[in-house]
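All remarks here apply to the structure that follows.
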Amino acid sequence: MADIYFDDPVEESTGKRRNFKGVLALVLLMVLGGSYIQTTLAANINLNSGSSVEFGQGVAATTACSGATNLTITPASSFVNASGGGAHYFSSVTVANIPSGCHGKDFIINAYGNSNAAPLALFNSTSTSAIVFNNAGTFQRGAGTDTGTSITSSSGTFTLTFTTPVATSGSVFKVTIQSSNHAVSGADYNIGEVGPGGGRIFYKNAAGFNCGTNYTATGSPNGGLCTVLEVAPSNWHGGSEALVPWATGTASSGNAVTDITGITNESSAYNNALGIGLGYKNTLLMIAQGNDVTTAAGRARGYAGGSKGDWYLPSIAELNLLCQWNRGVTQNVSTVCNGGTLNSGTGASSSGFVQYTYWASSESDAGYAWYQYFDNGSQNITTKSFSIYLRPVRAF
């Protein structure tokens, strides 16, 4: 059980007093910015005239966005029991008295040891940067901070807590807070809104899902889990849908009739939560097999809407969610898309889907891959050389 302490504790087992004064020298990094500055500038500010501060003791300082208003920054430490002992950990930080001038900014929190230049891991075993977004006075966990932390928000104040802290209090000699322009994360978007790639957000899961090149928990563009899926707009291919095969070539070229290493064959459509975010990895494996821009995977990866380079061909699970959104059907990853009306979902009226089949990046076997009808939602397989429609998506 964790006990918050705010002063010098007594180690009763040894009878020696353990002094934590000086353990945490708090340094505030402020980002100087403006429309005329395109790079991040930071300046170190020594607090309390260079004297040390204690865990639980608030320190006042100004930042670039706060102007003449002093912020109060308070780090806290907790004792975490463990078999055969336990330790005190840097467990939370509170920032208070934040003025409206900091609306729209990210606060980036790091901690450092006595001599190492690299920041310490704070949460999720290896995560070193904790980001808090000031969304017009409501404080939210930012990019890469949506797991392993919790946050409480009130007027001008937030407390970010590391649910499983990593850095021991004895290892922390400096804490930094850097303000910067907001890094876009999925938490900022709702279904139906236009995403950063210019398409519509068609799925959101606040708990997050694996994504990225290796389908991992750190695969999002900003690190961490992905939380939303965005679909390319109707004009992504010049105003008409693209009709292409899943793969091309012959047995000798090794892409049309060869089972793709790394993609799990699906004897039945994998309508499962573990299929969400899997399409990016599948798409890269398809391309590595020799499928170029004349195929579904290559065409999807070649799209660069919103100057984003992470578009891909959705897995059958992602395609099923896209179909449900596009037909205005309640989204359920384990239920095959049916019912509703084509292009009736939130924001889907301008999506431009047609009543025909769309490719998924999911493979059935060496010669067949999965597709989905958008007129009735049914799923089936066909030969990889057959030309049907596709629509790129992205996860972030």
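The values are calculated or read from the model by the stated rules, or taken from the named source; none is laboratory data. Bear in mind the structure is a predicted one, so any value in this text is a computation, not a measurement. In this analysis, Cβ positions are derived from the backbone assuming ideal geometry, glycine residues included, and neighbour counts consider all displayed protein chains.
It is to be established whether one or more residues within the stretch 235-251 are of a type in the set (Phe, Trp, Tyr), touching a strand residue (DSSP E or B) at 6+ places or on another chain (Cβ under 8 Å), buried (at least 17 other Cβ atoms within 10 Å of the Cβ) and within 20 Å of Ile131 (Cα to Cα).
In the first step, residues of the stretch 235-251 are kept if they are of a type in the set (Phe, Trp, Tyr); the result is 236, 246.
With the extra rule that they be touching a strand residue (DSSP E or B) at 6+ places or on another chain (Cβ under 8 Å), the set shrinks to 246.
This time we only want the ones that are buried (at least 17 other Cβ atoms within 10 Å of the Cβ), so: 246.
From what is left, the residues that are within 20 Å of Ile131 (Cα to Cα) are none.
Checking the stretch 235-251: not a single residue is of a type in the set (Phe, Trp, Tyr), touching a strand residue (DSSP E or B) at 6+ places or on another chain (Cβ under 8 Å), buried (at least 17 other Cβ atoms within 10 Å of the Cβ) and within 20 Å of Ile131 (Cα to Cα).
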* To do: Please find, within the stretch 126-138, the residue that is nearest to the chain's Cα centre (by Cα) out of those that are surrounded by 17 or more Cβ atoms within 10 Å (Cβ to Cβ) and farther than 18 Å from Ser91 by Cα.
  => Phe133
* Asked: Out of all the residues in the stretch 255-270, is one or more among the aromatic types (Phe, Trp, Tyr) and surrounded by 24 or more Cβ atoms within 10 Å (Cβ to Cβ)?
  -> no
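Report yes if some residue within the stretch 318-328 is at pLDDT 95 or above and surrounded by fewer than 17 Cβ atoms within 10 Å (Cβ to Cβ); otherwise report no.
Pass one, the stretch 318-328, residues at pLDDT 95 or above: 318-328.
Keeping just the survivors that are surrounded by fewer than 17 Cβ atoms within 10 Å (Cβ to Cβ) gives 328.
There is at least one residue in the stretch 318-328 that is at pLDDT 95 or above and surrounded by fewer than 17 Cβ atoms within 10 Å (Cβ to Cβ).
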* Name the residues in the stretch 281-298 that are over 25 Å from the mean Cα position of the chain (by Cα) and touching a residue at least 60 places away in the same chain (Cβ under 8 Å), would you? -> Ala296
* Just wondering, is there one or more residues in the stretch 273-280 that are crowded, with 18+ Cβ neighbours inside 10 Å, of a type in the set (Phe, Trp, Tyr), on the phi < 0 side of the Ramachandran plot and under 16 Å from the mean Cα position of the chain (by Cα)? -> yes
* Residue satisfying condition, being aromatic (Phe, Trp, Tyr) and over 22 Å from Trp370 (Cα atoms), within set Phe202, Phe162 -> Phe162
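The rows are residues; the columns are (1) hydrophobic (A, V, I, L, M, F, W, C); (2) more than 14 Å from Thr157 (Cβ to Cβ); (3) assigned to a loop (DSSP other than H, G, I, E, B).
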residue	(1), (2), (3)
Val93	yes, no, no
Phe107	yes, no, no
Ala117	yes, yes, yes
Ala121	yes, yes, yes
Ile131	yes, yes, no
Asn134	no, no, no
Phe139	yes, no, no
* Test: Phe90 is at pLDDT 90 or above, in contact with a Gly (Cβ under 8 Å, 6 or more places away or on another chain) and either hydrophobic (A, V, I, L, M, F, W, C) or farther than 18 Å from Ser179 by Cβ (or both) -> no
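Conditions (1) outside any loop (DSSP other than H, G, I, E, B); (2) under 17 Å from Ala395 (Cα atoms); (3) not assigned by TED's automatic domain parsing to the domain that holds Ala130, marked per residue:
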site	(1), (2), (3)
Gly219	no, yes, yes
Asn222	no, yes, yes
Thr227	yes, yes, yes
Ser240	no, no, yes
Leu243	yes, no, yes
Lys281	yes, yes, yes
Thr294	no, no, yes
Pro314	no, yes, yes
Glu318	yes, yes, yes
* Quick one: count up the residues across the stretch 324-345 that are touching a Cys at 6+ places or on another chain (Cβ under 8 Å) and part of a loop (DSSP other than H, G, I, E, B). => 3
* Out of all the residues in the stretch 157-179, is one or more in contact with a helix residue (DSSP H, G or I) (Cβ under 7 Å, 6 or more places away or on another chain), of a type in the set (A, V, I, L, M, F, W, C) and assigned to a loop (DSSP other than H, G, I, E, B)? -> no
* Kindly indicate which of Phe173, Phe158, Phe107 is under 18 Å from Ser92 (Cα atoms), assigned by TED's automatic domain parsing to the domain that holds Thr69 and at pLDDT 95 or above. => Phe158
* Asked: Out of all the residues in the stretch 130-156, which are over 23 Å from Lys204 (Cβ atoms) and without any contact (Cβ under 8 Å) to a residue 60 or more places away in the chain?
  -> Ser154, Ser155
* For Ala317, are the conditions met, namely being more than 19 Å from Tyr189 (Cβ to Cβ), in contact (Cβ under 8 Å) with a residue 60 or more places away in the chain and of a type outside the set (D, E, K, R)? -> no
* To do: Output the residues belonging to the stretch 80-104 that are surrounded by fewer than 21 Cβ atoms within 10 Å (Cβ to Cβ), more than 21 Å from Phe133 (Cα to Cα) and touching a residue at least 24 places away in the same chain (Cβ under 8 Å).
  => Val80, Asn81, Ala87
* **Filter result for Ala369 (of a type outside the set (Val, Ile, Thr), farther than 18 Å from Ile191 by Cβ and part of a strand (DSSP E or B))** => yes
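Taking the stated definitions as given, is Thr168 closer than 20 Å to Leu71 by Cβ and not basic (Lys, Arg)?
Details: closer than 20 Å to Leu71 by Cβ: no; not basic (Lys, Arg): yes.
The answer is no for Thr168.
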* Could you check how many residues of the stretch 346-366 are under 27 Å from the mean Cα position of the chain (by Cα), part of a loop (DSSP other than H, G, I, E, B) and surrounded by fewer than 17 Cβ atoms within 10 Å (Cβ to Cβ)? => 1
* Residues being within 29 Å of the chain's Cα centre (by Cα) and not in a strand (DSSP E or B): count how many of those fall in the stretch 378-396. => 3
